[in-house]
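Let me begin by presenting the structure, written as structure tokens, before commenting on it.
The values are calculated or read from the model by the stated rules, or taken from the named source; none is laboratory data. Since we're looking at a predicted model, the values are computed, not measured. With ideal geometry, Cβ positions are generated from the backbone for all residues, glycine too; neighbour counts draw on all protein chains shown. In case anyone asks, the SASA skips ligands and DNA or RNA and just uses the protein heavy atoms, side chains included. Shrake-Rupley method; radii C 1.70, N 1.55, O 1.52, S 1.80 Å.
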2 protein chains.
Amino acid sequence: MAIQSPIWRSPVTSSDRLLLEIQRAIVEGDIPAGSKISEPELARRFSVSRAPLREALARLERCHLIERTPNAGARVVTLSLAGLLSLYQLREELEGLACRLAAENMDDAEIAELSALLEAHLASQRVREGESYYQEEGDLDFHYRIILGSKNSYLINILCDELYFLVRMYRVQLGMNGPRVSRAFDEHKAIINAIANRDGELADLLMRRHIGASRKNIELKLLNAGS
Amino acid sequence: MAIQSPIWRSPVTSSDRLLLEIQRAIVEGDIPAGSKISEPELARRFSVSRAPLREALARLERCHLIERTPNAGARVVTLSLAGLLSLYQLREELEGLACRLAAENMDDAEIAELSALLEAHLASQRVREGESYYQEEGDLDFHYRIILGSKNSYLINILCDELYFLVRMYRVQLGMNGPRVSRAFDEHKAIINAIANRDGELADLLMRRHIGASRKNIELKLLNAGS
DNA sequence: TTAAGATATATTGTCGACAATCTGCTGGCA
DNA sequence: TGCCAGCAGATTGTCGACAATATATCTTAA
């Protein structure tokens, strides 16, 4: 996953490591959604000064994982149905575009590699039935590669750096596993085929449906959990 | 322009003021594209310490106005045809979506206000023929309001906070005035009408064409300037 | 008893200094 | 002559302390 960006680069500095750790903590609910972020406390917890911590917080804000108000501090975002719908509206649009561009810009080798990757995931999926972590990893990897295949750096930046951690947060904290897992593979396969055939419009359509189905799935869980 | 975000909020802190000043300087070419950013120099120039300066730089990176590499510093972005195309590809997609959502979510008062605003701009445009600054202000204001009308906070954030300064930079530094100005008003008018008729699909289509035309215009200038 | 104001506490924003890292140059060696 | 190692200078990253601001508590008057 060699995305060159302030968020995906290998951690060379303290704030890089902090970013990764706090990101994971927020996404997995270790630091609960909606809770206030205390700079002195986090600084003690990770044994660093507040300077790299604030740098990390600035980047967390960029990922939409926290919200800061001047002179009042930062809070972890809260998950909501409205937020989920807004997020997935964007994903449908942007990943649809990514598919169209990928169908133009991915070379044959990249497509073959992606196809092989999917087969590997399918095989390992059959073995590890129900183990949602690997499924999620595989799904994200699939989406990442198509986004990278678009070769549009702004699009890549927005999706991979700024939106996907929030997507993961929704998925992890609302437990995105279950019967949809098996169907997702077929949908992925169909999307790859469209890209391989250089049919950008079809890939676009299929991706929008794929994400839309995923949204409905989470939406259902959220409504059930809320009642 | 009461967008609540780390970038549009009224400047309450030093780094807020720094952000606005450096943003303006970069967009208008006062700090030339591609040049290296020296933290000590800027800190002296604006009479602040490096702490708020670095905060401002982090947010400038978020606007895609500078690029930072760890332990090596920051550079102002360079303008290129490829960058312009990538940027406008995204704008077409995102502002198209914004139109579709605005047709659903803007209330009648907002639409009436937007329509009145356009008429005012048209009147003042006829008077100040050729004065490109007001035209640009008016155009941006138009786009902003539709984006805000989408009521999708992620979409708003991406377009207004992260992409639009770069758009302005391309326009300012490549001199976006001339014969297209008059036609843009008609296109704006048609888009508003579609939104007022709650015809999201048409508004989407018209906005994509509007931005596409704008892209071709800049593209032309860039090619001529490059040769 | 409640509400408004003042005070105390805690948190965030900013500063200057130091440590770690990179860049460019000099000098020695093949 | 060309190239690599090592050094000097500058730049970025991090630290601890102070100033400015917000939040919580307590007092006091209606």
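Could you quickly flag the chain A residue whose beta carbon comes closest to the rotation axis taking A to B, and that distance in whole angstrom?
Here the value is A:58, 2.
May I ask for the accessible area buried between chains A and B, both sides summed, probe 1.4 Å, to the nearest 100 Å²?
Heavy-atom accessible area buried at this interface is about 2700 Å².
Calculated FRET efficiency, residue B:223 and residue B:51, Cβ-Cβ r, R0 41 Å, to nearest 0.05?
E(calc), rounded to 0.05, equals 0.45.
With a 10 Å cut-off between alpha carbons and a GNM built on chain B, which of B:203, B:98, B:43 moves the most?
Largest GNM mean-square fluctuation: B:43.
How large is the accessible surface of residue B:50 in square angstrom, using a 1.4 angstrom probe and rounding to the nearest 10?
Surface open to solvent at residue B:50 totals about 120 Å².
Work out Dmax and Rg for the protein assembly as shown from the C-alpha atoms and quote the Rg first, both in angstrom.
Gyration radius and largest Cα-Cα distance of the protein assembly as shown: 22.6, 73 Å.
Would you mind classifying the stretch B:1-93 by shape? Square roots of the alpha carbon gyration tensor eigenvalues, ordered a ≥ b ≥ c; an a/c under 1.5 is rounded, otherwise it is prolate if a/b is larger than b/c and oblate if not.
Oblate shape, in that a/c is at least 1.5 and b/c is the bigger or equal ratio.
Long-range amide H contacts for residue A:66: which residues qualify at under 5 Å (H placed 1.01 Å from N, peptide plane, sequence gap of 5 or more or a different chain)?
For residue A:66, whose amide H was placed from the backbone, the distant partners under 5 Å are A:61, A:77.
Using Cα pairs closer than 8 Å and at least 6 residues apart in sequence, work out the relative contact order for chain B, in percent.
Contact order relative to length: 27 percent.
Let me confirm one metric for peptide A:149-155, namely the mean number of other chain beta-carbon atoms within 10 Å of its residues' beta-carbons.
Neighbouring Cβ atoms belonging to other protein chains average 5 per residue here.
Compute the label-point distances linking residue B:119 to its equivalents in the other copies; points lie 7 Å from Cα along Cα→Cβ; give nm, one decimal, shortest first.
Nearest first, the other copies' label points are 6.6 nm away.
Let me cross-check residue A:24: its accessible surface, 1.4 Å probe, with only protein heavy atoms counted, in Å² to the nearest 10?
Surface accessible to solvent at residue A:24 totals approximately 110 Å².
Under DSSP H, which helices of chain A have Cα atoms covering 20 Å or more of the helix axis and a Kyte-Doolittle average no less than -1.0?
Qualifying helices, which must be both long enough and hydrophobic enough, are A:81-105, A:108-127, A:132-149, A:180-196, A:200-226.
Take the alpha carbon gyration tensor of chain B, find the square roots of its eigenvalues, order them as a ≥ b ≥ c, and report rounded if a/c is under 1.5; if not, report prolate when a/b exceeds b/c, else oblate. Walk me through the numbers on the way to the answer.
Numbers: a/c = 1.93, a/b = 1.55, b/c = 1.25.
Judged from the Cα gyration tensor, chain B comes out prolate (a/c at least 1.5, a/b above b/c).
Could you sort out which of A:151/B:216; A:216/B:151; A:36/B:36 sit more than 27 Å apart by Cα distance in this structure?
A:36/B:36
Would you pull out the residues with amide H under 5 Å of residue B:37's amide H, same chain only if 5 or more places away, H placed 1.01 Å from N?
B:74, B:75, B:76
Would you calculate a helix-derived [θ] at 222 nm for the protein assembly as shown, using -39,500 (n - 2.57) for each DSSP H run of n ≥ 4 and dividing by the full residue count, to the nearest 500?
One gets -22500 deg cm²/dmol as the mean residue ellipticity at 222 nm.
At a cut-off of 10 Å², which residues of the stretch A:101-116 become less accessible once all protein chains are present than in their chain alone, using a 1.4 Å probe?
A:101
Averaged per residue, what accessible area in Å² does the stretch B:14-76 show with a 1.4 Å probe, protein chains only?
Accessible area per residue: 46 Å².
What is the sum of charges around residue A:111, taking Lys and Arg as +1, Asp and Glu as -1, for the other residues whose C-beta is under 14 Å from the C-beta of residue A:111?
The answer is -3.
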